[in-house]
1. Which residue fluctuates most in the GNM of chain B (Cα springs below 10 Å): B:Leu145, B:Leu21, B:Leu161?
2. Select from B:Ile20, B:Ile44, B:Ile192 the residue whose mean-square fluctuation is largest in a Gaussian network model of chain B (Cα-Cα springs shorter than 10 Å).
3. Residue by residue through region A:174-183, what is 3J(HN,Hα) from phi via Karplus (6.51 cos²θ - 1.76 cosθ + 1.60, θ = phi - 60°)? Round to whole Hz and write x for glycine and proline.
4. Any lysines with Cα under 29 Å of the A:Lys136 Cα? List them, leaving off those in the same chain fewer than 8 positions away.
5. Using only alpha-carbon positions, what ratio does the radius of gyration of region B:1-128 give when scaled by 2.2 N^0.38 Å?
6. Can you work out ³J(HN,Hα) from phi for every residue in region A:24-38, in order, using Karplus 6.51 cos²θ - 1.76 cosθ + 1.60 and θ = phi - 60°, giving whole Hz and x for Gly and Pro?
7. Residue separation times 0.36 nm, minus the C-alpha to C-alpha distance between B:Leu36 and B:Val182: what's the value?
8. In nm, what is the difference between 0.36 nm times the number of residues separating A:Leu25 and A:Ser96 and their Cα-Cα distance?
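Each reported figure results from applying straightforward, stated rules to the coordinates on display, with no laboratory input. All of these numbers come straight from a predicted model, not from anything done at the bench. Here the Cβ is made from the backbone with ideal geometry for all residues, glycine too, and neighbour counts use every protein chain on show.
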Amino acid sequence: MRKLRIVKDKTARVIMLGFAIFTILFLAVIGLSLFFKALPIMREKNLWVLLTSSSWRPFRGDFGFLPFIVSTLYVSLIAIIIALPFSVLTSIYLNSYASKRIRRFFEPVVDLLSGIPPVIYGVWGTLAIVPLISNKIAPRFVEFSTGYTVLAGGIVLAVMIIPLLISIMVEVFRSIPVVMTDASLSLGATKWQTVKKVILRKSFPGIIAATVLALSRAFGETMAVLMVCGNIPLIPKSFFDACYPLPALIANNYGEMLSMPSYESALMFAAFLLFIIVVLFNGASRFTLNQIEKRYQLS
Amino acid sequence: MKQLEEKIFRIIMIGAALIILGVLIYIVGTIFFKGLPSLTWDMITKVPGGGFYLGKEGGVLNAIVGSVYIIFGALTISLVISVPLVMYINFYLPGTSMFSNIVRFCLDILYGVPSIVYGAFGFALMVYLGIRASLMGGIIVVAMLIMPIMMRSFDEVARLLSRDLPDALLSLGATRYEMVKVILKQLMPGLITAVLLAIGRGIGDAATVLFTAGYTDNIPTSLSQPAASLPLSIFFQLGSPVEEVQNRAYASAIILTMIILILSFSARYFSSKFLKTRI
């Protein structure tokens, strides 16, 4: 009887260790299988040509990813530029100004924003943002725009990454020792001066890490962006042109293109590219954030 | 001067927070405003009829049931893996274990991998294994997507647990396996929160099921049949040129939004319960 308990414990330990190792290996498995799937196209074409050519004619064997890469960067940067000020200001407000009641009230708001599915954001984008751009904003700058544009993608994406930014930044601000802000306040600084000179300066690495994390989320966002950004494989010249980010490219074409091996491989190359960038960005920012958390636990 | 600056920035900050709140209300409001007129009882109790995609009778029951099947399958797989894993890195290994931190780091990265990449990887895997777009495929890929979410949020809760309970159990002569069984009871509200969060993410994601689960107007009766899902049903209906069908897409969006709202609030309820009963 006594032995059985020990055996159970030992078996459980081995199985659990197996799961843990599996989890670590899983990341490598995804990366490697995408890489091998993408290998044929990388052999066939020069990597440099794939990344810098802007000619996308799959049926003639031209696979230039530049329009998609530029579109992804363009949309994501707009999203960050819009989302960052709102998120920083709101997080500071929630951290240093708001009463407990307001903070309580705001938690579910952020939760809900991060819980709303991409497809719903897409529906909202087509109903609210696209007409707004084509009827109100675009006519002031260009002659005609359908509304399905870089800007629409950027705005929708901005709303989607705001909850992520806020939840990380609130954590980062919270990790600043109270002693520091108290010292600043007791020297006669106003709250805003304390925020500016102590909190923002001290949490600068954290804000950067949060931004990088949000950027990598933005790179990979598929459905919502696909629904509002037009999907034309040309390099967008302005805010009011359609664009075609990498995830949308995969979503629109993958699954049907198994008949053309080089096309399939090209789409896998897109997935691999996305994977590598996201893993690097995520790894770097998570590492920084863990470092910050550790410092907080020590103090 | 500095008082003026203080006041100005306070107003800007409140403004930013209010705008974010406003956007949330705007999103939910837009969906409800557009969808409510088309939301009928038929929408949630009938599968698409013959002329559904031309604006005739039928509903999206196929998509609702498909989504539920997919998410419950995925949930079962990920629970079986997540719970032991989180218990292992928190209570089997010592608190300062390097290995636990490596696992956590990998989970963080897996959490950040875009759903479209899981979709593409899952589809490649299915081709390799010879599985066609089916309920099975959808379940596997959604499980991949929600597993890191569940593990990460359950891990957060497990880390908050005071070390006294495990220490007391061990000192009474329990094996670690017996200890974990007791701890799990204590952590139950936290696990429920993690599960609800994972359901919310899994049920709303379209990019994972796009290639892997397929789409059908019928309710699947076996794992090898294709299954419809709610987000894809919204997406496809929205792409239709017929106005009635588009309106139904908005109505379907209400259904999905309602599911998410309910999940989100229940998750919040259970996590506050955990914090209250924490010892």
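1. Comparing B:Leu145, B:Leu21, B:Leu161 in the GNM, the peak value goes to B:Leu21.
2. B:Ile20
3. 5, 6, 7, x, 4, 3, 5, 5, 4, 4
4. Within reach: A:Lys237, B:Lys34.
5. Working: Rg = 24.2 Å, N = 128, 2.2 N^0.38 = 13.9 Å.
Dividing the Cα radius of gyration by 2.2 N^0.38 Å gives 1.74.
6. 5, 5, 3, 4, 5, 4, 4, x, 5, 5, 5, 4, 5, 5, 8
7. Details: separation 146, 0.36 × 146 = 52.56 nm, distance 4.70 nm.
This chain segment gains 47.9 nm when fully extended.
8. Numbers: separation 71, 0.36 × 71 = 25.56 nm, distance 4.16 nm.
Working it through step by step, the gained length comes to 21.4 nm.
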